[in-house]
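Colleague: I am attaching a structure below and will ask some questions about it afterwards.
The values are calculated or read from the model by the stated rules, or taken from the named source; none is laboratory data. Quick caveat: nothing in here was measured; it's all calculated off a predicted structure. So basically every Cβ, Gly included, is an ideal-geometry build from the backbone, and we count neighbours across all protein chains shown. Please note that ligands, DNA and RNA were not included when accessible areas were found on the heavy atoms of the full protein model with its side chains. Shrake-Rupley method; radii C 1.70, N 1.55, O 1.52, S 1.80 Å.
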Amino acid sequence: MKMLALYSIKGGVGKTASAVNLAAQSALHGYRVLLWDLDPQAATTYYLRAKPKVKGGIDKLIKGKASFDKVIYDTDVERLDLLPASFDARELDQLLDERKPSHLRKLLKPIRDDYDLVILDCPPSISVLSEQVFSSVDALLVPLIPTTLSLRTLKQLRSHLDEQDYPCSVWPFFTLVDRRKTLHLDVMAQLSSEHKLLLSTTIPSSSVVERMGITQAPLSQFAARTPAALAYATLWEEVAQRLR
Ligand SMILES: Nc1ncnc2c1ncn2[C@@H]1O[C@H](COP(=O)(O)OP(=O)(O)OP(=O)(O)O)[C@@H](O)[C@H]1O
Ligand SMILES: [Mg+2]
């Protein structure tokens, strides 16, 4: 069972859109996938038409006392399951504070043979929860809007991970890309020369992604032939190759 997280210190960079679309793509390619919504904003949960609630409470789940068949739901996408967010997730930091590193991964032990891949959608912060994410996942997928500030935030993240000696890899990719903007092209060129683990697929800025809020479905379910959907399909292939 591999674990990936959509993570960035910055908000509004496409973590949730990417978590939902990459999870759907991996399921389409035959992976049994669990998408875990760790953000109390519960956008992933909303996109997959579920209620933001962890049955029995998030504290029971973090203590390892929840039964997974009660807290995990099927989605309309075959092979894609969801562990919804709960508004109580704002307590996650407190609940995780005393736990050893990799607690999130250890918690999933009872279901590790049921899934090929777990994708975590994270809130935008650096916190006890994010430290748990860093120690639990195989790689962080970091969406970047191609601006100078994004590059700075990525540097901050990499030096934090280096200082703390976390084993996870950092796989950034560009999203909300507008190829008519010279700044976008310049920033993308700069990072490809600096970061050898940069994923080469870029996700265009496209109103069809915003429409996910109306359709409450991944792009593959309602706009599979659009450039943004095809970009997510290609991005998934690139990620899958690295997971092999
Ligand atoms: N490729 C895209 N093209 C156009 N709009 C996009 C794209 N990706 C995301 N968006 C829109 O940008 C906004 C932020 O995206 P999203 O919620 O995925 O970001 P996030 O990083 O998860 O945000 P947060 O930090 O609040 O969790 C949303 O309104 C979403 O619809
Ligand atoms: Mg989000």
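Colleague: Out of (1) surrounded by fewer than 17 Cβ atoms within 10 Å (Cβ to Cβ); (2) touching a residue at least 24 places away in the same chain (Cβ under 8 Å); (3) acidic (Asp, Glu), what's the single condition that is false for ASP138?
Modeller: Condition not satisfied by ASP138: (1).
Colleague: Considering (1) exposed (fewer than 13 other Cβ atoms within 10 Å of the Cβ); (2) within 16 Å of ligand 1 (Cβ to nearest atom), say which one ASP113 fails and leave the rest.
Modeller: Exception for ASP113: condition (2).
Colleague: Taking TYR46 as the residue in question, decide whether it is closer than 26 Å to ILE145 by Cβ, open to solvent by 40 Å² or more (accessible area, probe 1.4 Å) and among the hydroxyl-bearing types (Ser, Thr, Tyr). So that I can check it myself, show each step before the final result.
Modeller: Numbers: closer than 26 Å to ILE145 by Cβ: yes; open to solvent by 40 Å² or more (accessible area, probe 1.4 Å): yes; among the hydroxyl-bearing types (Ser, Thr, Tyr): yes.
Judged against the criteria, TYR46 is a match.
Residue by residue, here is whether (1) of a type in the set (Gly, Ala, Ser); (2) over 19 Å from the mean Cα position of the chain (by Cα) holds:
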{"position": "THR148", "(1), (2)": "no, yes"}
{"position": "SER159", "(1), (2)": "yes, yes"}
{"position": "VAL177", "(1), (2)": "no, no"}
{"position": "MET188", "(1), (2)": "no, yes"}
{"position": "SER193", "(1), (2)": "yes, yes"}
{"position": "PHE222", "(1), (2)": "no, yes"}
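Colleague: Would you be able to tell me the number of residues in region 172-196 that are within 25 Å of SER207 (Cβ to Cβ), of a type outside the set (A, V, I, L, M) and not in a helix (DSSP H, G or I)?
Modeller: Result for region 172-196: 8.
Colleague: Going by what's in this entry, would PRO84 be described as open to solvent by less than 90 Å² (accessible area, probe 1.4 Å), within 16 Å of ligand 1 (Cβ to nearest atom) and more than 27 Å from LEU243 (Cα to Cα)? Spell out the reasoning first.
Modeller: Working: open to solvent by less than 90 Å² (accessible area, probe 1.4 Å): yes; within 16 Å of ligand 1 (Cβ to nearest atom): yes; more than 27 Å from LEU243 (Cα to Cα): no.
Here the answer is no, as PRO84 does not meet what is asked.
Colleague: Oh, and also: Do we find that SER169 is over 24 Å from THR234 (Cβ atoms) and small (Gly, Ala, Ser) in this structure?
Modeller: On the way: over 24 Å from THR234 (Cβ atoms): no; small (Gly, Ala, Ser): yes.
Against the criterion (over 24 Å from THR234 (Cβ atoms) and small (Gly, Ala, Ser)), SER169 does not qualify.
Colleague: Sticking with this structure for a sec: The conditions are (1) without any contact (Cβ under 8 Å) to a residue 60 or more places away in the chain; (2) under 25 Å from ASN21 (Cα atoms); (3) open to solvent by 60 Å² or more (accessible area, probe 1.4 Å); (4) within 19 Å of the chain's Cα centre (by Cα), and LYS70 fails exactly one of them. Which is it?
Modeller: Going through the list (1) without any contact (Cβ under 8 Å) to a residue 60 or more places away in the chain; (2) under 25 Å from ASN21 (Cα atoms); (3) open to solvent by 60 Å² or more (accessible area, probe 1.4 Å); (4) within 19 Å of the chain's Cα centre (by Cα), LYS70 breaks only (4).
Colleague: Here's a follow-up. Looking only at region 34-62, which residues are closer than 17 Å to LYS15 by Cα, of a type outside the set (Gly, Ala, Ser) and out of contact with any Cys (no Cβ under 7 Å at 6 or more places or on another chain)? Spell out how you get there, then give the answer.
Modeller: If we filter region 34-62 for residues that are closer than 17 Å to LYS15 by Cα, which is where we start, we get 34-48.
If we keep only those that are of a type outside the set (Gly, Ala, Ser) as well, we get 34-41, 44-48.
Selection gives LEU34, LEU35, TRP36, ASP37, PRO40, GLN41, THR44, THR45, TYR46, TYR47, LEU48.
Colleague: Something else: Scan region 19-29 and give yes if some residue there is aliphatic (A, V, I, L, M), free of Cβ contacts under 8 Å to residues at least 40 places away in the same chain and either within 16 Å of ligand 2 (Cβ to nearest atom) or in contact with a Phe, Trp or Tyr (Cβ under 8 Å, 6 or more places away or on another chain) (or both), otherwise no. First the steps, then the outcome.
Modeller: Here is the first cut: in region 19-29, the ones aliphatic (A, V, I, L, M) are 19-20, 22-24, 27-28.
This time we only want the ones that are free of Cβ contacts under 8 Å to residues at least 40 places away in the same chain, so: none.
Within region 19-29 (the criterion being aliphatic (A, V, I, L, M), free of Cβ contacts under 8 Å to residues at least 40 places away in the same chain and either within 16 Å of ligand 2 (Cβ to nearest atom) or in contact with a Phe, Trp or Tyr (Cβ under 8 Å, 6 or more places away or on another chain) (or both)), the answer is no, since none of the residues qualifies.
Colleague: Another question, if that's okay. Tell me, please, whether a residue that is open to solvent by 50 Å² or more (accessible area, probe 1.4 Å) and within 16 Å of ligand 1 (Cβ to nearest atom) can be found in region 18-41.
Modeller: Within region 18-41, one or more residues are open to solvent by 50 Å² or more (accessible area, probe 1.4 Å) and within 16 Å of ligand 1 (Cβ to nearest atom).
Colleague: Could you please give the count of residues in region 1-17 that are open to solvent by 20 Å² or more (accessible area, probe 1.4 Å), more than 9 Å from ligand 2 (Cβ to nearest atom) and within 9 Å of the chain's Cα centre (by Cα)?
Modeller: Adding up the residues that qualify gives 0.
Colleague: Could you list, in sequence order, all residues of region 168-203 that are within 16 Å of ligand 2 (Cβ to nearest atom) and among the hydroxyl-bearing types (Ser, Thr, Tyr)? Step through it out loud before you land on a result.
Modeller: Step one: list which residues in region 168-203 are within 16 Å of ligand 2 (Cβ to nearest atom), which gives 173, 175-176, 203.
Selection gives THR175 alone.
Colleague: Can you tell me which residue in region 116-128 is farthest from LEU38 (Cα to Cα), limited to those that are open to solvent by less than 10 Å² (accessible area, probe 1.4 Å) and within 16 Å of ligand 2 (Cβ to nearest atom)? Step through it out loud before you land on a result.
Modeller: Just the residues of region 116-128 that are open to solvent by less than 10 Å² (accessible area, probe 1.4 Å), to begin with: 117-122.
From the residues that got through so far, the ones that are within 16 Å of ligand 2 (Cβ to nearest atom) too are 119-122.
On the way: ILE119: 10, LEU120: 7, ASP121: 6, CYS122: 5 Å.
Out of the qualifying residues, it is ILE119.
Colleague: Residues that are open to solvent by 50 Å² or more (accessible area, probe 1.4 Å): list the helices (runs of 4 or more DSSP H) wholly contained in region 204-243 that include at least 2 such residues.
Modeller: Hits in region 204-243: 207-210, 219-222, 227-243.
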